[in-house]
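**Student:** Starting off with a structure, shown below.
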Amino acid sequence: MGKDADIARRIQQISLPFIPYGRQQIGEDDIEAVVEVLRSDWLTTGPQVARFEEAVAAFAGGRHGVAVSSGTAALHAAMHAIAVGPGDEVIVPAITFVATANCAAYLGATPVIVDVDPATLLIDPEQVRQHITPRTRAIIAVDYAGQPCDYASLRQIADEHNLYLVADSCHSLGAEYRGRRVAEIADLTVFSFHPVKHITTGEGGMVVTNTAELAERMRRFRNHGISTDHRQRESLATWFYEMTELGFNYRISDIGCALGLSQLKKLPDWLARRREIAALYTAALQNIAEVQPLHAAGDVMHAWHLYVVRLAASVDRAAVFQRMRAKNIGVNVHYLPLHLHPYYRQRVSPAVLQLPAAEAAYGQILSLPMHAGLTDDDVMRVVSTLWQAVAGAC
Ligand SMILES: *Cc1c(COP(=O)(O)O)cnc(C)c1O
């Protein structure tokens, strides 16, 4: 690149800074909360973990929270709690992050990948019904983009067939379905606190449940399958512990939970801001015929982890993606459908895996930047750039 072109590019990047699709918000209050823990006696499982568990469970509408080292560990713990094992089948939607299916595979079970509703990209209850076999143990519903699934239908199907209903709510902390908060419906509800999610602990996750026995199993599972933790032993003045089942070290730190507690205070404001941004996008995008936001149902409170649009079939999504990135707009694609990942492609019968709704959507979807730190001007810059990118004018 010539010197002048290089300078021109740098000027453009300064005037049009990169807008990531998702990003954490860290304030001085968060930093102080973490520093306070660093000066205290506990770095790992201490008082902040229990406080964070109670606060998130209360916020999400469940009785017990079990915090672990990631959303993936939380999904694994949830599958362990309901004793999923070899020979079992767990129904999952095609459009999700790989961890939703991997948690069943970790335990030797088979994830059964089913198609999604083409309007919302949420798991299609009719597809769930059609894939139930005598081996089915659980359904994992994913609140894709932050929109709760059709839980009335899913709960009914789960109860009819005596299945566990697990909500992968990694996108939907703060969402409501028909006036009920996300953790009030499923048997186990899973959250992630990765930095792109609504609140962060650095890395972290949690399962919320109303069943004390399931919570107890997950507490053991995150600590090697040992029945007491080190603080309990200290307060009982005993050295004795025993391992009753095979577990992992999936503990989360007090450092992370102090950050999470500090973040949680700001979550209601952040959710409100995400809803404002979504409304701005939806209004502005009405002017671009080739761009259709995903359907948002009227009877839910969407948490807007992602703002996903669908481009008309005539539009070249790859070209739009490249043009947006060239203009410093961090668009993304969520997700390559599960059954198209080589790992799963090799493990499922191709006859079973024709998932037309997921496959058609995958070629057309684009996630626009969505996080509480976006300004109205950022949103307008994204929309006007998208308009140019679709028209091939940039
Ligand atoms: C983020 C995410 C996970 C995994 O969470 P980690 O904390 O990154 O392990 C699982 N499922 C979905 C739908 C997610 O978005």
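**Student:** Given the chain, what percent of its DSSP beta bridges are antiparallel, to the nearest 5?
**Tutor:** 60
**Student:** Okay, next question. With a cut-off of 8 Å between alpha carbons and a minimum separation of six or more residues, what is the relative contact order of the chain in percent?
**Tutor:** After rounding, I find 22 percent.
**Student:** For F191, F59, F240, give me the order by solvent-accessible area with a 1.4 Å probe, most accessible first, ignoring ligands, DNA and RNA. Write out the running numbers ahead of the final one.
**Tutor:** Numbers: F191 0, F59 60, F240 105 Å².
Accessible-area ranking of F191, F59, F240, largest first: F240, F59, F191.
**Student:** Next question. What are the ³J(HN,Hα) values, in whole Hz, obtained from phi via the Karplus relation 6.51 cos²θ - 1.76 cosθ + 1.60 with θ = phi - 60°, for each residue of the stretch 161-171 in sequence order, with x given for Gly and Pro?
**Tutor:** 9, 6, 10, 7, 9, 10, 9, 7, 9, 4, 9
**Student:** Please report, largest first and rounded to whole Å, the three semi-axes of the ellipsoid equivalent to the chain, where each semi-axis is the square root of five times an eigenvalue of the C-alpha gyration tensor.
**Tutor:** For the chain, the semi-axes come out at 36, 28, 18 Å.
**Student:** Grab the DSSP H runs of the chain that are 4 residues or longer, score each as -39,500 (n - 2.57), total them, divide by all residues and round the 222 nm result to the nearest 500 deg cm²/dmol. Before the final figure, lay out each step's value.
**Tutor:** Working: 14 runs with 159 residues, N = 394.
Helices in the chain give a 222 nm mean residue ellipticity of -12500 deg cm²/dmol.
**Student:** Related question: Hey, how many Å between the Cα centroid of the stretch 13-55 and the Cα centroid of the stretch 141-183?
**Tutor:** Taking the Cα centre of each part, the stretch 13-55 and the stretch 141-183 sit 28 Å apart.
**Student:** Now for a different question. Which of the lysines could be linked to K197 by a straight reach, that is with a Cα gap under 24 Å, when you skip same-chain ones fewer than 8 residues away?
**Tutor:** Partners found: K265, K266.
**Student:** Can you give the three extents of the C-alpha atoms in the stretch 21-109 along their principal axes, from longest to shortest, in whole Å?
**Tutor:** Answer, in whole Å and largest first: 48, 32, 24 Å.
**Student:** Let me ask another. Quickly rank 277-289, 95-107 as a protection proxy: mean count of other C-beta atoms within 10 Å, highest first.
**Tutor:** Final packing ranking: 95-107, 277-289.
The values are calculated or read from the model by the stated rules, or taken from the named source; none is laboratory data. For clarity, every value in this text was computed on a predicted model and none was experimentally measured. Counting neighbours? That spans all protein chains shown, and the Cβs are built from the backbone with ideal geometry, glycine included. The area values use the complete protein model at the heavy-atom level, side chains included, leaving out ligands, DNA and RNA. Shrake-Rupley method; radii C 1.70, N 1.55, O 1.52, S 1.80 Å.
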